[in-house]
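The values are calculated or read from the model by the stated rules, or taken from the named source; none is laboratory data. These figures come from a predicted structure and were not determined experimentally. Methodologically, a virtual Cβ is constructed for each residue, glycine included, from the backbone with ideal geometry; neighbour enumeration extends over all protein chains shown.
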Amino acid sequence: MQKRTFLGASLAVLATVGLAAPAFADSHPVRIGFVSHQHDITDLFGQLEIGFRETLDAAGLQYELFQAAPTASNRHDEMLNILENMANLNLDYLLFGPSSLEQNTTGLVTVADAGVKLLMVDYEPKEGDTFPFEDAVLNWSVYNHYQMGETTGQWIAEYFKERGNENPKLVMMWGPVASEISHDRGTGVLAGMREAGVEPDVIYEAYGDFQRELAYAETERLLIAYPQVEVIVAMNSVMGLGTMSALEADGKIDDVLVTGMGGQPDELEMVARGKIGVAVFRDPRSMGANSANALLQHWSGREDEIERIVYTELRTLDDVDSIREWVPIEMLDIDARLAN
């Protein structure tokens, strides 16, 4: 059974699900919050939720899931309100994907002070990092954002070297200004290109704030101001899709290379169709399973077995064959020729 209601001004959706639980029959339903800076069934967090739920269901855990997201990735004020609401829900655990860890720390401290254990996703703690909420963290299910960008940059460099161009005119499509994730990815892109012997000529830097519509609008404007652009690098999947759509609408999809990052299903479809050059993929369902396993270990009194940082491998996807090789078949319902 599922019921939905709204939580305050943030328009965050609350979903509660009850499941049969043979393996934990004597336990009360576990109360779990899930907060991320964006949430759609096709994106990282929607697919991560599937992996999270499937793992809990397979273990027979009875639980209630309270889910919320701000209206946009750069609405850190809404994220704070959501976290404060979560702190009042008597949760056992919070699965959390930050918009900006620096901006979200106040809310996470509030949640931790309420006695909630944290399952962190999509943010890699750097060596030497300390956080005022870290005693509440069970584990981090992550990948290296700099490496994702670096791999993308190396692919872009090889693409242009094959065409005799070692100084391509490039536009960076950044996420929110405060996003550590966007910064790490973009820094990695430029480093990766230089490591591969190509010097990027960055002619413009746009901010799509991890939003498809904003990336589309930014691309429309930059094509007028910078018609010489040769490649647009989007720092996440949805901005890659927005950029691609704008290029297609302007009749320049064959003239300007666009790259994405992440590998959400509709992005992979566009890679397979040759409209997006490359998407470095991290398996979100395995990330969700990693977080669920940490929860199960803690709930069953085996906290000492929890691996504190669990990395998901990155894969370079640039055609149908690479997608078929590395992406779970369950994610490939976007296009019959990929799934078969």
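Total residues in the stretch 117-137 satisfying the condition of being modelled with pLDDT of 95 or more and either assigned by TED's automatic domain parsing to the domain that holds Ala191 or among the small types (Gly, Ala, Ser) (or both): the figure is 1. Put simply, of Tyr159, Tyr204, Tyr143 the only residue that is more than 21 Å from Arg315 (Cβ to Cβ), of a type in the set (Phe, Trp, Tyr) and either modelled with pLDDT of 95 or more or out of contact with any Cys (no Cβ under 8 Å at 6 or more places or on another chain) (or both) is Tyr204.
Can you tell me which residues in the stretch 80-98 are part of a helix (DSSP H, G or I) and buried (at least 17 other Cβ atoms within 10 Å of the Cβ)? Those that are part of a helix (DSSP H, G or I) and buried (at least 17 other Cβ atoms within 10 Å of the Cβ): Leu80, Asn81, Ile82, Leu83, Asn85, Met86, Ala87. For the stretch 293-305, the criterion of being part of a helix (DSSP H, G or I), free of Cβ contacts under 8 Å to residues at least 24 places away in the same chain and more than 29 Å from Leu94 (Cα to Cα) is satisfied by no residue at all. Within the stretch 99-116, the presence of at least one residue that is at pLDDT below 95, farther than 22 Å from Gln297 by Cα and not in a helix (DSSP H, G or I) is confirmed.
A quick yes/no check of all residues on (1) surrounded by fewer than 22 Cβ atoms within 10 Å (Cβ to Cβ); (2) touching a Pro at 6+ places or on another chain (Cβ under 9 Å); (3) more than 16 Å from Ala279 (Cα to Cα); (4) not small (Gly, Ala, Ser):
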position	(1), (2), (3), (4)
Met173	no, no, no, yes
Ala191	yes, no, yes, no
Tyr207	yes, yes, yes, yes
Ala217	yes, no, yes, no
Arg221	yes, no, yes, yes
Asn236	no, no, no, yes
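Can you name every residue in the stretch 254-273 that is in a loop (DSSP other than H, G, I, E, B) and buried (at least 18 other Cβ atoms within 10 Å of the Cβ)? Full working, then the answer.
Of the stretch 254-273, the ones in a loop (DSSP other than H, G, I, E, B) are 254-256, 263-264, 273.
Scanning the stretch 254-273 gives Val256, Gly263, Gln264.
Taking the stretch 138-154, which residues are within 25 Å of Met261 (Cβ to Cβ) and hydrophobic (A, V, I, L, M, F, W, C)?
Trp140, Val142, Met148
The combined condition, being surrounded by 20 or more Cβ atoms within 10 Å (Cβ to Cβ) and either closer than 21 Å to Met239 by Cβ or over 20 Å from the mean Cα position of the chain (by Cα) (or both), is not fulfilled by Glu64. The set of residues from the stretch 225-252 being among the hydroxyl-bearing types (Ser, Thr, Tyr) and in a loop (DSSP other than H, G, I, E, B) comprises just one member, Tyr226.
Tally up the residues in the stretch 173-213 that are assigned to a strand (DSSP E or B) and touching a helix residue (DSSP H, G or I) at 6+ places or on another chain (Cβ under 8 Å), please.
Our first condition is that a residue be assigned to a strand (DSSP E or B); within the stretch 173-213, this holds for 173-174, 201-207.
Those left that are additionally touching a helix residue (DSSP H, G or I) at 6+ places or on another chain (Cβ under 8 Å): 173-174, 202, 204, 206-207.
The qualifying residues number 6.
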